[in-house]
Structure formats: structure tokens, C-alpha cells
Amino acid sequence: CTYASYQRGMGDTCAFCRAPMPDSDAAILAQLRKRVDIKDPDATFILAKAYYYGGFGLQQDIPRAVQLWMEMARLGDMDAQSRIGFLYFKGEGVEKDVARAIRLWQHTAIQGHPQSRHALGAHEDDIGNHGLAVQHWMISAKMGLELSLIEIKLMFMKGHATKAQYTDALRGYQTALEETKSPQREEAVAILDKSH
């Protein structure tokens with residue numbers, strides 16, 4: 001959306017409402033809250049992160065962040081479900097419940113969420129199930145998650161993964177990257193890099 005706006009000469013306007021881009025934290029929050037009110041999942045996720053970390057001039061409010069992520073999770077947002085899984089796993093803002101975290105990650109991993117699949121692999125590795133960890137990371141690496149590819153390489157170096165598994169994961173990872181390449185995406189990345 002940002003790239004399309006830039007192409008049309010609208011680089012300084014919101015891709016959704018065509019209003020000028022906000023120039024202060026208060027203006028950003030006002031626009032975010034408008035989008036949250038109409039159940040925009042991306043805006044809700046950004047606002048939840050702002051509460052979680054204390055961004056855009058907000059005081060850190062982990063319970064409010066959890067509330068927003070829970071609402072999104074109930075609506076089926078996989079990123080929110082995965083984030084809630086991490087909160088339960090660590091016991092941040094909610095009572096620690098590793099079993100519930102695992103169930104959330106399993107639910108979203110089955111639906112194709114690579115970060116949840118990676119988290120399952122990390123958990124299996126932590127409890128000594130290296131073979132199962134490698135299997136989870138193979139799947140998420142083939143979905144384009146570089147962190148999983150790195151973990152498989154480390155497992156190979158430790159003797160917990162074979163060279164064939166690492167090679168297969170690397171090829172799958174490269175294929176996933178190739179499938180997402182496009183001239184428009186590369187141009188959009190270049191534009192975003194210039195703006196930062």
C-alpha cells in the first residue's frame with residue numbers, strides 16, 4: 001500500500017484515508033485509534049505493541065496490550081495468537097501457562113504461521129527433542145524464516161541435523177525467497193530504506 005501510494009505521488013498521505021501523514025505521536029495515535037475502532041488488525045497490532053513497549057508517547061501498559069492482542073486472537077489473527085503464546089510461555093502480563101502457549105503455537109503453525117512453527121522448534125530443542133526441533137525448523141525455513149535456517153545450521157554443527165537436512169532447508173528457504181521476489185517489492189524496499 002505504501003509503495004502504491006508512493007508510485008501515485010501520494011507518498012506523504014495515508015494509504016487508507018488519504019489524510020496527510022501524522023507528524024507527532026499524538027497524531028499517529030489518533031489515526032491508529034480510528035483504525036482500531038473499525039477493527040483494523042494491523043492498526044490494533046501496532047497499538048498493542050505501543051502499549052507493550054511504551055511507544056508513541058504512551059506509558060507502558062502490558063495489560064492493555066494483552067487485552068488488544070487477546071481481542072485480535074479471538075478474531076483469528078495468527079500474529080496475535082502467536083504473540084499471546086509467547087506471553088503465556090514467559091508469563092508476561094498473564095499467568096505463565098506453557099501448555100496453553102504450545103496449544104496456541106500448534107494451532108497457528110498448522111495454519112502456516114512460520115514464527116509459531118519456529119517457537120515450537122525452540123521449545124522442543126529446549127526439552128531435548130532435537131529431532132523434532134529440526135523438523136519444525138525445516139518447515140519454517142522452507143516458509144522463508146531465516147531464523148529457522150540459522151537454527152538448523154547450528155543443529156548441523158552440533159551433530160543434531162544432517163548435512164542433507166541443512167541442504168534441504170537451505171534450498172527450501174531460497175525457493176521461498178525467490179517466490180516472493182518482484183521488481184515492485186525491491187523498489188518498495190529501496191524507497192523505505194531511503195526514508196529511514
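The values are calculated or read from the model by the stated rules, or taken from the named source; none is laboratory data. Because the structure is a prediction, the values reported are computed rather than measured. Every residue, glycine among them, receives a Cβ derived from its backbone with ideal geometry; neighbour counts consider all protein chains shown. Ligands, DNA and RNA are excluded from the accessible area calculation, which covers all protein heavy atoms including side chains. Shrake-Rupley method; radii C 1.70, N 1.55, O 1.52, S 1.80 Å.
Of note:
- Applying Stokes-Einstein at 25 °C and 0.890 mPa s to the Kirkwood radius of segment 76-144, computed over alpha-carbon pairs, gives a translational diffusion coefficient of 209 µm² s⁻¹.
- Listed residues Glu124, Glu92 arranged by accessible area, highest first, probe 1.4 Å: Glu92, Glu124
- Put Val98, Val36 in order of accessible area, highest first, and with a 1.4 Å probe you get Val98, Val36.
- Segment 145-196 and segment 35-53: distance between their alpha carbon centers, rounded to Å: 28 Å
- A dipole drawn for the chain from +1 and -1 charges on Cβ atoms has a positive end, and of Ser182, Val66, Ala164 the residue lying farthest that way is Ala164.
- Remark: segment 106-168 carries a charge dipole of roughly 160 debye about the Cα centre, counting +1 on each Lys and Arg Cβ and -1 on each Asp and Glu Cβ.
- Overall form of the chain per C-alpha gyration tensor (a/c, 1.5; a/b vs b/c): oblate
- Cα point-scatterer Debye curve for segment 90-196, base-10 log of I(q)/I(0) at q = 0.13, 0.17, 0.25 Å⁻¹: -0.57, -0.83, -1.22
- Pairs of Lys residues in the chain that lie 8 or more places apart, or on two chains, and have C-alpha atoms under 22 angstrom apart add up to 10.
- Size of segment 29-117 from its Cα atoms: along the principal axes, largest to smallest, the extents are 36, 24, 18 Å.
- Distances between placed amide hydrogens fall under 5 Å for Thr13 paired with Met21, all partners being 5 or more residues away or on another chain.
- In this structure Glu179 has an accessible area near 150 Å², from a 1.4 Å probe over the protein heavy atoms.
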